[in-house]
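In what follows, a single structure is set out as structure tokens and then discussed.
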Amino acid sequence: MDDELEDLYFFELFQSGMKVLSRISLTNPFSGSAIYLNYFWRMIKIYLFKPEMLLATFILIIFLFFLHSADEWGRNFMANLKSGFGLKRATAGGLRISTSTAAERESWEKRTDAAAVYAVMGRRPSMEDRFVLEQINGTDVNFFAIFDGHGGQMAAEFAKEILVQNLQNKIIEISNIMSGKPMDVPKTEEKNEEKCEPLTPTTPDKDVKSDLFKEIPPASPATPSLSASQRRKSFKKSLSKDDEVAGGANKDSSNQISDPEILSKFKITRENMFSTNKNVKATPKPKQYEAKCYIEGDKINFGKLLTDEVIAADYALVEKAKKSTNIAGTTALIAILHRNKLTVANVGDSRGVMADHKGAAIPLSFDHKPQQVREHKRIHDAGGFIAFRGVWRVAGILATSRALGDYPLKDRNLIIPDPDILTFDLEYNKPQFMILASDGLWDVFQNEEAVAYIKEHLNEPHFGAKSICLEAYTRGSLDNISVMVIKFNHGRYEIGTS
């Protein structure tokens with residue numbers, strides 16, 4: 001009897017438990033949200049799945065696809081029309097335009113047996129870099145140059161066409177004198193050339209060794225070395241009231257503002273700048289000398305020649321820019337290779353570096369930056385100031401303290417064209433290669449890093465110039481990027497050998 005009662009008890013308990021489990025299993029724990037999901041789904045079916053809505057969606061997709069295709073077609077079409085900003089089309093050893101990738105969509109290149117250059121527009125709206133890679137006709141002088149324009153293409157194009165042509169004509173004339181050949185170099189313009197004066201080797205400024213590598217401590221923009229009132233007072237002489245207002249607007253702008261954008265604001269207020277300031281003294285026309293003045297014994301003083309021609313070209317560029325109110329400027333990095341002597345002239349922040357026989361990086365130039373002690377002192381003495389806008393800038397505008405052009409800043413000597421000259425004996429250094437590049441490369445590469453990279457890619461068709469250029473783009477460089485690599489064979493640059 002007890003066993004029957006016990007069995008009955010467990011049966012009732014099991015039956016009650018099963019009822020509870022059945023209720024739990026049949027109950028939806030998300031029943032509250034299910035109501036809203038069901039409502040949302042019904043709305044989708046009512047409104048989004050209507051025939052007219054499906055048709056409109058289809059038309060929108062087709063329209064977006066058309067816009068994308070038109071943009072791609074337009075880019076490719078313009079790339080095929082362009083001749084490389086004055087550069088020649090694809091020829092044997094000439095220049096080619098590539099459109100294979102985003103970085104190469106607007107790209108220029110030139111190759112010889114022992115040198116190559118590769119340039120991309122990158123993330124800038126236009127290409128303002130220019131380059132020169134050639135041997136001067138009738139001489140044993142090789143000429144290399146990188147020009148990094150800003151505020152427009154005019155200054156870089158002027159330097160590539162006028163400055164380079166004047167230098168090459170003078171070198172041809174000097175070579176003819178030294179070899180006894182008749183001088184038949186065409187004159188590009190009438191020049192009142194001075195009689196020869198005693199020439200001395202061009203040397204850097206006295207304070208270059210002590211101040212060249214010094215920079216202002218990275219103080220925050222809120223605690224500059226000069227107070228805001230002092231800076232405004234020091235620069236007041238060079239700007240009208242309208243320009244001061246525009247300058248104040250620039251101060252509060254984002255650090256990402258590019259040079260062309262800021263310079264364009266200066267162009268707007270051009271009528272009130274400098275032209276009405278009677279205190280501004282006209283820059284005297286630089287002296288120019290006969291070709292024979294640069295001959296010293298059996299050698300050519302390339303340092304003096306480069307200095308004189310760069311300053312003369314800048315004067316001509318500024319005069320031309322004033323007539324057309326063109327505010328463009330450009331850096332200039334020029335290397336002249338004559339036998340075993342390399343002469344490098346630098347104006348601005350394009351940079352050259354050489355790999356010696358051990359693979360060590362030897363600087364061929366040093367950037368002209370506003371925060372350097374000698375540059376900052378010169379700018380301050382001229383009545384200007386520097387301001388931090390992502391990088392240090394002259395008057396809050398230009399990120400380099402020396403350049404060709406930039407005439408609104410040139411009139412007050414805030415920007416000067418004077419080049420630094422460095423010479424190298426290749427017999428002593430026995431270089432493997434050298435790199436000349438615009439700051440689009442140096443924004444993301446250090447000297448040693450670039451040398452190591454090129455060394456690994458030196459056997460490529462472009463001697464690593466294309467690879468490092470595209471690598472700089474991949475690393476996020478925001479500027480135009482131009483890279484030139486010159487390869488040496490046992491310390492010698494030999495045309496006709498690879």
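Numbers below:
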| read-out | value |
| --- | --- |
| Computed lengthening from R492 to L55, 0.36 nm per intervening residue step minus Cα-Cα distance | 150.3 nm |
| Approximate shape of the stretch 294-353 as ellipsoid semi-axes (Cα gyration tensor, √5λ), whole Å, largest first | 28, 15, 6 |
| Contour minus Cα-Cα distance for I44 and V373 (0.36 nm per residue) | 111.7 nm |
| Long-range HN-HN contacts of D129 with modeled amide H, under 5 Å | G149 |
| Size of electric dipole in the stretch 387-498: Cβ of Lys, Arg +1 and of Asp, Glu -1, about Cα centre, debye, nearest 20 | 200 |
| Equivalent ellipsoid semi-axes, the stretch 403-458, via Cα gyration tensor eigenvalues times 5, rooted, Å | 31, 17, 7 |
| Sites A360 and E319, calculated FRET efficiency, Cβ-Cβ separation with R0 60 Å, nearest 0.05 | 0.85 |
| Pairs from K369/K466; K322/K369; K287/K322; K299/K323; K160/K341; K160/K285 whose Cα-Cα separation, in the structure shown, is over 32 Å | K299/K323 |
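Just so you know, all these numbers are worked out from the coordinates, no wet-lab data involved. Please read all numbers here as calculations on a predicted model, not as lab measurements. As a convention, Cβ positions derive from the backbone with ideal geometry for all residues, glycine included, and neighbour counts pool all protein chains shown.
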